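Below is one structure, written out as structure tokens; comments come after it.
The values are calculated or read from the model by the stated rules, or taken from the named source; none is laboratory data. This structure is a prediction, so every number in the text was calculated from the model and none was measured. Cβ atoms come from the backbone with ideal geometry, glycine included; neighbour counts cover every protein chain shown.
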Amino acid sequence: MDLLEKIKVAKEYISKYYAKKLDVAVILGTGLGSLVNEIENKIIIKYKDIPEFPVSTVAGHVGELIIGDLNGKKVIALNGRFHFYEGYAMEQVTFPVRVIKALGVEKIIVSNAAGGMNPEFEAGDLMIITDHINMIGVNPLIGRNYEELGPRFPDMSNAYDKNLSNVVEKCAEKLNIKVQKGVYLAVSGPTYETPAELRMMRLIGGDAVGMSTVPEVIVANHMGMKVIGISCITDMALADNLEPLDHSRVVETANRAMIKFVALVKETVGNM
Ligand code: HPA
């Protein structure tokens, strides 16, 4: 099967459960899955049951697609994502976004856990992603281009939609939630960064560093979707003051920030 056929079979499977209009998609990052609890009239579909869908392997990631109502909108949430460091091909990492667009969704909120490189940030902060730097080393659009999906050379001048980002900022203000704004720098992982790497990444303009999001955002832009990016700063990734880090701390801090995250996403969804 080529990519278009794979998208079609996955889409048709999901359409058997829900075939009406969907307003917005949300990809839930590490430790941020409890947004799902706010979704009403849920239809839950396990990734493993969707033809051609990959299955996630990381602790803290579930592997379910949830369709339902959130603050007056029909949402489709992806609880669990696929990372390049797990060994998936980029086509698999970005496959869910392809399927979501095929279902007719034009707007997507992508979230993640990230290390804070901007010294003004602190662990537990939320950051609206204003732009990204792709240092994963590959681009998910390398290879055959399907004109049916998007152009060979996609524009990335507004990769994180400015108007929608303004909506997030206004919602944060209304809810009295402090938000940072900044550039998300993506690496492949799975290693966390060395101090020398962090020094370079800060120097070239990164405010936060993580191992996801950018492939999905590139593919969403390829298909003309509008994107919101939200990072949860789970640890400070400062070259000159770097403490040992492990995944459990990332999950723990994300869990602490979850209440804010859930409130902000819920409000944003209602206003976009
Ligand atoms: N580096 C890379 N990825 C991350 C980090 C980090 O410090 N924190 C959470 N994800």
Taking region 154-191 only, how many residues are within 19 Å of the chain's Cα centre (by Cα), hydroxyl-bearing (Ser, Thr, Tyr) and in a loop (DSSP other than H, G, I, E, B)?
3
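Would you mind finding the one in Leu126, Leu141 that is in contact with a Cys (Cβ under 7 Å, 6 or more places away or on another chain), more than 21 Å from Lys42 (Cα to Cα) and buried (at least 20 other Cβ atoms within 10 Å of the Cβ)? Give the derivation first.
Values: Leu141 fails: in contact with a Cys (Cβ under 7 Å, 6 or more places away or on another chain).
Residue meeting the stated conditions: Leu126.
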Do any residues in region 123-142 that are at pLDDT 95 or above have Cβ atoms under 7 Å from those of residues that are crowded, with 18+ Cβ neighbours inside 10 Å and of a type in the set (Lys, Arg), where the two are at least six apart or on different chains, and which pairs are they?
Leu126/Lys260
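In this structure, does Arg249 turn out to be in contact with a helix residue (DSSP H, G or I) (Cβ under 8 Å, 6 or more places away or on another chain) and basic (Lys, Arg)?
Considered against the rule, which asks whether it is in contact with a helix residue (DSSP H, G or I) (Cβ under 8 Å, 6 or more places away or on another chain) and basic (Lys, Arg), Arg249 comes out as no.
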In region 64-110, which residues are among the aromatic types (Phe, Trp, Tyr) and within 16 Å of the chain's Cα centre (by Cα)?
Phe82, Phe84, Tyr85, Phe95
When region 110-123 is examined, which residues are found to be away from the ligand (no atom under 13 Å from the Cβ) and surrounded by 24 or more Cβ atoms within 10 Å (Cβ to Cβ)?
Val110
I'd like the full set of residues that are more than 14 Å from the ligand (Cβ to nearest atom) and either under 16 Å from Gly229 (Cα atoms) or buried (at least 19 other Cβ atoms within 10 Å of the Cβ) (or both), limited to region 250-260.
Met258, Lys260
Of (1) within 10 Å of the ligand (Cβ to nearest atom); (2) of a type outside the set (Val, Ile, Thr); (3) touching a strand residue (DSSP E or B) at 6+ places or on another chain (Cβ under 9 Å), Asn221 fails just (1)
Of Leu175, Leu185, Leu242, Leu203, which residue is over 30 Å from Leu103 (Cα atoms) and within 12 Å of the ligand (Cβ to nearest atom)?
Leu242
Condition (residue is touching a Lys or Arg at 6+ places or on another chain (Cβ under 6 Å) and at pLDDT 95 or above) applied to region 190-199: is it met by at least one residue?
no
Pick out the one residue from Lys20, Lys74 that is within 29 Å of Asn271 (Cβ to Cβ), away from the ligand (no atom under 16 Å from the Cβ), without any contact (Cβ under 8 Å) to a residue 60 or more places away in the chain and buried (at least 16 other Cβ atoms within 10 Å of the Cβ).
Lys74
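Any idea which of Gly115, Gly150, Gly87 is more than 26 Å from Gly270 (Cα to Cα) and free of Cβ contacts under 8 Å to residues at least 12 places away in the same chain?
Values: Gly115 fails: free of Cβ contacts under 8 Å to residues at least 12 places away in the same chain; Gly150 fails: free of Cβ contacts under 8 Å to residues at least 12 places away in the same chain.
Result of the check over Gly115, Gly150, Gly87: Gly87.
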So Lys226, is it in contact with a helix residue (DSSP H, G or I) (Cβ under 7 Å, 6 or more places away or on another chain) and either within 13 Å of the ligand (Cβ to nearest atom) or among the charged types (D, E, K, R) (or both):
yes
For the subset of region 220-249 comprising residues that are crowded, with 17+ Cβ neighbours inside 10 Å and among the polar types (S, T, N, Q), which member is farthest from Thr30 (Cα to Cα)?
Asn221
Restrict the check to region 208-219 and report whether at least one residue is out of contact with any Ser or Thr (no Cβ under 6 Å at 6 or more places or on another chain), buried (at least 19 other Cβ atoms within 10 Å of the Cβ) and either part of a strand (DSSP E or B) or at pLDDT below 95 (or both).
yes
